[in-house]
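Here's the structure, in structure tokens; my notes come after.
The values are calculated or read from the model by the stated rules, or taken from the named source; none is laboratory data. Everything numeric here is computed off the predicted structure, so don't read it as measured data. Neighbour counts run over all protein chains shown; Cβ positions are idealised from the backbone, glycine included. Side chains are part of the model used for accessible areas, which takes the heavy atoms of the whole protein and leaves out ligands, DNA and RNA. Shrake-Rupley method; radii C 1.70, N 1.55, O 1.52, S 1.80 Å.
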Amino acid sequence: MSDRFFPNSMPDFVPENPKLSEDEKEKAKQIQINEPGTDDSLQRLLSLPHSTLSQQLQRAALELKETIVLETWGLTGQRVEDYTLYTGTLGTAFLLFRSLLVTRNKNDLSLCFQMIKACDSSSINSRDVTFICGRAGVCALGAVVAKYLGDDQLLYYYLAKFKEIRVSKDHPDELLYGRVGYLWACLFLNKHLGKDTIPSTSTSTIVSEIIKNGRNLGKKGGSPLMFEWHGERYWGAAHGLAGIINVLIHFDLTLDEREDIKETLRYMVRSRFPSGNYPVSEEDRRRDALVHWCHGVPGVALTLVKSAEVFGNKEFLEAAMDAAEVIWNRGLLKRVGICHGISGNAYVFLSLYRLTGIVEYLYRAKAFACFLLDRGHLHMIRGDMHGGDSPFSLFEGLGGMAYLFLDMVQPKNARFPAYEI
């Protein structure tokens, strides 16, 4: 099991050193992302004041962004082979959108739009309906970027295209390819364009059908709700309970529906491994191995944090805090991305920090980011860390690391991309 992650030898907490001299701050700014990591260099990063470290992370993020744009857009001749947010061009566009919000660089906005336009053409006949892997992501991000461009005609175009998307009963219920992945796109539009951009009349039937499906399958086991994808009853964020619940709790639910969701979460917490990790699925209850956003404790933890916020429930917060301990100890994965890598696992600490204000969680997010900043490149050169099957993508590769670095600049505004809203 330990071959999946690096041992975490970082201190549980290192207070920031606000008394660094100006010379020391300037020296700190010179540490480069590809500098060979040492215990001293990592310790130095961990003790930096956030204002100093955030400048360094932002610079590293922007350097990575330029490389990612070159590899996924420039060297391809601006052709789109994979349009998705997950491993394709839309993921680079989403990174540019995040960079725009942090730096206000208008060049990011224009380049982001060019990519969305190409993804629009590439996805025009797609039957995939989700934000992460489908047409909904293209149209939703297109509409929001059109707003930032101040182009009402373009905004109406992408909204109209979004409303042409048809979610059928043949679609699964999960996040990456299913109906909650479409619902998340609706939440994204309502956040950026206004509360009733996609009204509840357009989503309530889908929400009800998902819960009905969950109840029907839940009758066969010990959980009020259960869902199936390709014959397996998954628990995680990508295909299972955690991802579905994380979206559903943003919508207006009946009292009975809310109670079923809470009892399902309690079932999951009761059924976790003695280590505190969570099973991949009902069919895989013995293998305590994966500490990924997609499968395992990180995705569940993010859902528990949101559930604690929505329901005001102390037990869900405590379960999320327990989960964070597992991630601290086993979450320095030998992978870089957000789906199943260090970058994604850091978001659990950011989410807990945002909800609780406990500075130790900000430190732990900073520690994971500093580990990547200090020695991620070195580990990838040595072959100790996997850069992802799509090495420049948002969910599997360096795109996710750049996104995390940008989010560390404004940690209270940090959100796991396409999962937290």
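Worth a mention:
- With a simple spin-label model that places each label point 7 Å from the Cα along the Cα-to-Cβ direction, the separation between residue 360 and residue 275 comes to 2.2 nm.
- 20 °C / 1.002 mPa s Stokes-Einstein diffusion coefficient of region 275-421, Kirkwood radius on C-alpha pairs, µm²/s: 142 µm²/s
- Rounded to the nearest 20 debye, the dipole magnitude of region 186-331 is 160 debye, with +1 charges on Lys and Arg beta carbons, -1 on Asp and Glu beta carbons, and the Cα centre as origin.
- Note on region 314-398: dipole from Cβ charges, positive end direction compared against 373, 356, 320; the farthest Cα belongs to 373.
- Accessible area per residue, Å², region 152-292 with all protein chains present, probe 1.4 Å: 46 Å²
- Across 106/147; 220/262; 117/161; 161/212, pairs whose alpha-carbon gap is larger than 22 Å: 161/212
- Simple Cβ-charge dipole of the chain, Lys/Arg +1 and Asp/Glu -1, about Cα centre, in debye nearest 20: 460 debye
- Directionally averaged shadow of region 273-328, computed from the convex hull of its alpha-carbon atoms, nm²: 3.7 nm²
- Candidates 43, 153, 78, ranked by Gaussian network fluctuation over the chain, Cα under 10 Å, top entry: 153
- Ratio of Rg to Rh over region 326-372 (Cα coordinates, Kirkwood Rh, two decimals): 0.96
- Cut-off under 5 Å, modelled amide H: who pairs with residue 386 long-range: 335, 336
- Inverse mean reciprocal Cα-Cα distance (Kirkwood Rh) of the chain, Å: 21.7 Å
- Residue of 102, 145, 305 that the Gaussian network model of the chain assigns the largest fluctuation, springs spanning Cα pairs under 10 Å: 102
- Those trypsin sites (Lys or Arg not before Pro) in region 232-311 that DSSP places in a loop and that have at most 16 other beta carbons within 10 Å: 285, 286, 287
- Local net charge near residue 194, Cβ-Cβ under 14 Å (Lys/Arg +1, Asp/Glu -1): +1
- Spatial separation of Cα centroids for region 311-385 and region 225-262, in angstrom: 23 Å
- Dipole magnitude (debye, nearest 20) for region 214-257, charges at Cβ of Lys, Arg, Asp, Glu: 200 debye
- Residue-averaged 222 nm ellipticity for the chain, from DSSP H runs of 4+ at -39500 (n - 2.57), nearest 500: -18500 deg cm²/dmol
- Within the listed set 46, 149, 225, the residue fluctuating most in the Gaussian network model of the chain (springs between alpha-carbon atoms under 10 angstrom) is 149.
- Accessible area (Å², 1.4 Å probe, nearest 10) - residue 382: 150 Å²
- Extreme residue, positive dipole direction of region 268-409, given options 307, 345, 393 (C-beta unit charges): 345
- Note on region 101-191: the alpha carbon radius of gyration divided by the globular reference 2.2 N^0.38 Å gives 1.08.
- Those GluC sites (Glu not before Pro) in region 145-232 that DSSP places in a loop and that have at most 14 other beta carbons within 10 Å: 164
- Formal net charge of residues neighbouring residue 411 (Cβ-Cβ distance under 12 Å; K, R +1; D, E -1): +4
- Across the accessible surface of the chain, with the other protein chains kept in place and a 1.4 Å probe, carbon and sulfur atoms take up 47 percent.
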